[in-house]
Amino acid sequence: MAEATIDNTAVADGDEGGVRRRDFIEIAAVSFGGVGALATLYPLISQMAPSKDVLAESSTEVDISAIQPGQAVKAVFRKQPLFVRRLTEKEIAAANAVDVGSLRDPKTLAEMTKEGHEDMLITMGVCTHLGCVPLGAGEGEVKGEFGGYFCPCHGSHYDTAARIRKGPAPTNLEVPEYEYTSDTTVKVG
Amino acid sequence: MSFPWANHYQPTNPLMKWMDEKLPLPRFVYNAIGAGYPVPRNLNYWWNFGVLAGFCLMIQIVTGIILAMHYAPNALVAFDSTEHIMRDVNWGWMMRYAHANGASAFFVVVYTHIFRGFLFSSYKAPREMIWLLGVVIFLLMMATAFMGYVLPWGQMSFWGAKVITGLFGAIPLVGEPLQVWLLGGFAPDNAALNRFFSLHFLLPFVILGVVILHIWALHIPGSSNPTGVEVKQESDTVPFHPYYTAKDGFGLAAFLVIYTAFVFFMPNALGHPDNYIPANPLSTPAHIVPEWYFWPFYAILRAFTFDFFFVPAKLLGVLAMFAAILVWFFLPWLDTSPVRSARYRPLLRKFIWFGFVPCMAALFYLGGAPAEEPYVMFSQLAAAYYFAHFLIILPIVSMIEKTKPLPNSITDAVLAKNGEAAAE
Ligand code: FES
């Protein structure tokens, strides 16, 4: 009786060329299960990414007509502060006088602004170090050693073209994507 | 360890006998923290802090579950619901102050517990696993505490969340997408607050699980002791109950005096007033600081203001901050001395008390100080010393040090000390 069972198994396994039917079933089952598990993991991870409503709030319009030279406003873009600043002659001259090659993140003022609007400096108000809002856009706030922005959290100094000059921040303030929809309005995002 | 002379659990009443047959839970407790666990007879008050840490975890879980009954994790109402707890809920103010100061108390106790490990080299074989699990618990505690501090949704909550999640942004390539994924948005908002609440509720139970592993691992070799000499004979030990339940009970009473003094008389002494201002994404408080228990690591983070070999300062700071804790994982192998207790290691003892302790004190102070000179320079010096202690001083000292002679056994050490006292 026992012998008969063993024989049956040998036949059922189809022991030809070293590949048994059971090997095939095992590999197929594990692969199928593995793919299924990965497919299940995807929604579990993806649910944490920004939801549709968060993504929907992704553009903002700013009216720049009332901003005087030397003045700045804070707008909100994607729930984060946006600095819109009209530079004075002196600030523009100071920004252009810098040797670009010596900067940590080399950009000219022209590269930080749009053609024809070199006096409008539009950047995120988010320090590139760890994300604090730098000072310098509000009335009477300190502007740091280079007259632009100063982040009080860990002491990053930005110049009048929002370029990083001193402190731990790795890059200049981020320039978001934006365009002039008219001479006085900017659409950000 | 169950030494051969350990007391045996012998239930006498029929109910306990029945219980012992069906589910021997009382037996388990008896052997773990009862009379069935033989413990070195010479433990001093440094050894109270493990039990105290367990007690703090219980305070946090109980008050935390109560707070969750009244709190609403939504960016629109989170701040108000916290104030609702403070003003309207019966005893709500007490629950919240007990929870907030409970976190501080937990860290005081755990830092002391870890320092005991440094002083008596508790991390050495055969107790490496206990130590490694302990470091895991500490990391989990930091994550839990951070997320808990975000929940009231005040200014410090918001900006703390922003700065700490910003740390992930420093990782090359995947940093920024990772940060957005963690927050569920481009800045901390409702999505982040909700998930932090969920995880803040979950993690304490994960901690509880690792604590159980920590105690399990402890019971394999048994407790260490101030001489660092292993237990050799029955006269070296006493049963945990009643000897150490009594000693821990006394320590617990002393702890409670201090803890309740904070809860009832100066509940905001360790907090930051800015956290009573609702979160405002458009204005950063002039001086962002985390809670005091993160200061040493925050000081190390801020010490890196310069790029080094193409690694940007920001990434360096983040790596250094994590490395400052991860280096603890390697302690059992960095310290090669055959002697455990600093009592018999005069050189190490000096380096701990006159080098490492002042260095930690400095880091604690500097992490809370503004990011200006001269604080930045001092943070750099202290951070350098911190790493030097573990990576240079400890390995070298443990190789060259001439240790003092060890007592033959715990009993000998105790009797010698008593003999001296009697002779005086
Ligand atoms: S966040 Fe601005 S300097 Fe750190």
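The values are calculated or read from the model by the stated rules, or taken from the named source; none is laboratory data. Source: prediction; values computed, not measured. Note that each Cβ is placed from the backbone with ideal geometry, even for glycine, and that neighbours are counted across all protein chains shown. Quick note on the areas: whole protein, heavy atoms, side chains included, nothing else; ligands and nucleic acids left out. Shrake-Rupley method; radii C 1.70, N 1.55, O 1.52, S 1.80 Å.
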Angle between chain B longest axis and helix B:313-326 axis [Cα atoms, degrees, rounded to 10]: 20
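So if each residue of separation counts as 0.36 nm, and I subtract the Cα-Cα distance between B:Y111 and B:F330, what length gain in nm does that give?
On the way: separation 219, 0.36 × 219 = 78.84 nm, distance 1.79 nm.
Fully extending the segment from B:Y111 to B:F330 adds 77.1 nm.
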statement: Distribution output for the protein assembly as shown: share of Cα-Cα pairs per 10 Å bin in percent, first bin at 0, values 3, 13, 20, 21, 17, 13, 8, 4, 2, 0, 0
- request: Residues in the range A:135-169, backbone N under 17 Å from the label point at A:E111 (7 Å along the Cα-to-beta-carbon vector): list them, ranges by number please.
  value: A:159-166
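How much length, in nm to one decimal, is gained on full extension between B:A323 and B:H84, taken as 0.36 nm per residue of separation minus their Cα-Cα distance? Write out the running numbers ahead of the final one.
Working: separation 239, 0.36 × 239 = 86.04 nm, distance 4.02 nm.
82.0 nm is the gain from fully extending B:A323 to B:H84.
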query: When the dipole is taken about the Cα centre of the protein assembly as shown, and only Lys, Arg (+1) and Asp, Glu (-1) are charged at their Cβ, what size is it in debye, to the nearest 20?
result: 1900
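From the Cα gyration tensor of chain A, with a ≥ b ≥ c the square roots of its eigenvalues, which class applies: rounded if a/c is under 1.5, or else prolate if a/b is larger than b/c, or else oblate?
Numbers: a/c = 4.25, a/b = 3.27, b/c = 1.30.
Prolate, because a/c is 1.5 or more and a/b exceeds b/c.
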field: Förster radius 30 Å - calculated FRET efficiency between B:R349 and B:L199 (Cβ-Cβ, nearest 0.05)
entry: 0.15
query: By how many degrees, between 0 and 90 and to the nearest 10, does the Cα long axis of helix A:2-13 differ from the longest principal axis of chain A?
result: 40
task: Calculate the dipole size of chain B relative to its Cα centre from +1 charges on Lys and Arg beta carbons and -1 charges on Asp and Glu beta carbons; express the result in debye to the nearest 20.
output: 780
query: Expressed in nm to one decimal, what extension gain is obtained for the pair B:S2 and B:V210 from 0.36 nm per residue of sequence separation less their Cα-Cα distance?
result: 72.7 nm
- prompt: Quick one: Cα centre-to-centre distance for the range A:168-189 and the range B:334-360, in angstrom?
  reply: 55
- prompt: With all protein chains present and a 1.4 Å probe, how do B:L119, B:L270 order by accessible area, largest first?
  reply: B:L270, B:L119
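At a Förster radius of 51 Å, what calculated FRET efficiency corresponds to the Cβ-Cβ distance of A:V100 and B:A286, to the nearest 0.05? All intermediate terms of the calculation are to be shown ahead of the outcome.
Numbers: r = 32 Å, r/R0 = 0.63.
Approximately 0.95, to the nearest 0.05.
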- request: With label points built 7 Å along Cα→Cβ from the Cα atoms of B:A416 and B:A246, find their separation and express it in nm.
  value: 2.7
message: Please report the accessible area of A:E26 (heavy atoms, 1.4 Å probe, ligands and nucleic acids excluded) in Å², nearest 10.
response: 100
field: the range B:238-344: C-alpha gyration tensor shape, a/c 1.5 cut-off, then a/b vs b/c
entry: oblate
- line: Placing each pseudo-label 7 Å from Cα in the direction of the beta carbon, B:E372 and B:K402 end up separated by a distance in nanometres of 5.1
Protection proxy ranking of B:239-250, A:162-173 - average other beta-carbon atoms within 10 Å, highest first: A:162-173, B:239-250
field: the range B:322-367 - Debye-derived log10 I(q)/I(0), Cα point model, q = 0.13, 0.18 Å⁻¹
entry: -0.39, -0.71
- request: Please check which bits of the range B:186-217 a label hung off B:F28 would reach, taking the label as a point 7 Å along Cα-to-C-beta and the cut-off as backbone N under 12 Å.
  value: B:212-213, B:216
query: Can you tell me the Rg and Dmax of chain B, counting just the alpha carbons, in angstroms?
result: 23.8, 73
query: Between A:V142 and A:T181, what FRET efficiency comes out of the Förster formula 1/(1 + (r/R0)^6) with R0 = 35 Å and r the beta carbon distance, rounded to 0.05?
result: 0.60
- line: Partner shielding of A:121-129, as the mean number of partner chain Cβ atoms within 10 Å, equals 3
- prompt: By how many degrees, 0 to 90 and rounded to 10, does the Cα axis of helix B:92-119 deviate from the longest principal axis of chain B?
  reply: 50
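What does the helix-only formula give at 222 nm for chain B: each DSSP H stretch with n ≥ 4 adding -39500 (n - 2.57), the total divided by the residues, and the result rounded to the nearest 500 deg cm²/dmol?
-19500 deg cm²/dmol
Evaluate peptide B:299-306: per residue, the Cβ atoms of other protein chains within 10 Å of its Cβ; return the mean as an integer.
Numbers: counts 0, 0, 3, 6, 1, 2, 8, 1.
For this peptide, the per-residue mean of nearby foreign Cβ atoms is 3.
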Spin-label model distance (nm) - A:S58 vs B:L178, 7 Å beyond Cα toward Cβ: 2.2
